[in-house]
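The values are calculated or read from the model by the stated rules, or taken from the named source; none is laboratory data. Because the structure is predicted, anything quoted here is derived from the model rather than measured. Methodologically, a virtual Cβ is constructed for each residue, glycine included, from the backbone with ideal geometry; neighbour enumeration extends over all protein chains shown. Quick note on the areas: whole protein, heavy atoms, side chains included, nothing else; ligands and nucleic acids left out. Shrake-Rupley method; radii C 1.70, N 1.55, O 1.52, S 1.80 Å.
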Amino acid sequence: MLSIEEIKAYLKTNLMEKRYTHILGVADTAKKLAKLNGISEEKAEIAGLAHDVAKNLKVDTMKEIMEKNNIILSEVEQNNANLWHSIIADIVAKDKLGIGDEEILDAVRWHTTGKEDMSTLTKIIYIADMIEPSRKFEGVEDIRKLTFEDLDRGVYYGLTCSIEFLLTRNLLIDENTMKARNYFLLDSKFKG
Ligand SMILES: [Fe+2]
Ligand SMILES: [Fe+2]
């Protein structure tokens, strides 16, 4: 695996400036959340840096990577190219950054949609992506506050806000996002 400094250098060269600022914000937020929730801060930092490693790849390059790796897209995924950088994130993180840690790879793979039964690290990267300091949208402050009080409640609320956003704009909702939210809802902590 590349060192953290080498990972940063690779991403600085391969991502647009705004995206690079974003990943530094995600890494920093993820580190803080890792500390609060008792998991490895180093893994959180690496996953935060790496999550958008495929973000600025050309559409054709992303298609090639998916074909080469026999990735079959659902109909929703086929029609939502915004999801592709996340679907191939683990492959590119492994290939370009030498990351082999399965927990980190899982977190980068699921950072856009979430999925049911996420690990603590995967939850952290999902929500850090949404609330890092350069993210500005109505309600972000509430999600931030809740996430730092209680990770599960923050992620649940983040999923809810994301679904609401997609609904009001008539955009496709990926089934993994629904599954992620239902998984929380079926937990007794969220009942009532
Ligand atoms: Fe992303
Ligand atoms: Fe991101």
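A few comments on the model shown:
- Top-ranked residue in region 134-151 [being touching a helix residue (DSSP H, G or I) at 6+ places or on another chain (Cβ under 8 Å) and outside any helix (DSSP H, G or I); ranked as nearest to ligand 1 (Cβ to nearest atom)]: 135
- Neighbours by Cβ (under 7 Å, 6+ apart or cross-chain): first from region 5-21, closer than 17 Å to residue 98 by Cβ; second not in a helix (DSSP H, G or I): 10/2; 11/53; 14/56
- Residue pairs meeting the criteria (Cβ under 7 Å; at least 6 apart or on separate chains; first over 14 Å from residue 99 (Cβ atoms), in region 31-60; second among the acidic types (Asp, Glu) and in a helix (DSSP H, G or I)): 31/41; 31/45; 34/41; 35/41
So that you can scan it fast, the table gives a plain yes or no per residue for (1) under 16 Å from residue 180 (Cβ atoms); (2) modelled with pLDDT under 95; (3) within 14 Å of ligand 1 (Cβ to nearest atom):
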{"position": "107", "(1), (2), (3)": "yes, no, yes"}
{"position": "113", "(1), (2), (3)": "yes, no, yes"}
{"position": "120", "(1), (2), (3)": "yes, no, no"}
{"position": "126", "(1), (2), (3)": "yes, no, yes"}
{"position": "132", "(1), (2), (3)": "no, no, yes"}
{"position": "157", "(1), (2), (3)": "yes, no, no"}
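- Test: residue in region 111-120 that is of a type in the set (D, E, K, R), more than 14 Å from ligand 2 (Cβ to nearest atom), at positive phi and in contact (Cβ under 8 Å) with a residue 60 or more places away in the chain: yes
- Scanning region 49-61 for residues that are within 20 Å of residue 12 (Cβ to Cβ), out of contact with any Leu (no Cβ under 8 Å at 6 or more places or on another chain) and either open to solvent by 10 Å² or more (accessible area, probe 1.4 Å) or not in a loop (DSSP other than H, G, I, E, B) (or both) turns up 57, 58, 61.
- Breaking point among (1) farther than 19 Å from residue 84 by Cβ; (2) more than 11 Å from ligand 2 (Cβ to nearest atom); (3) surrounded by fewer than 24 Cβ atoms within 10 Å (Cβ to Cβ), for residue 25: (2)
- The sole residue among 188, 134 that is among the small types (Gly, Ala, Ser) and over 19 Å from the mean Cα position of the chain (by Cα) is 188.
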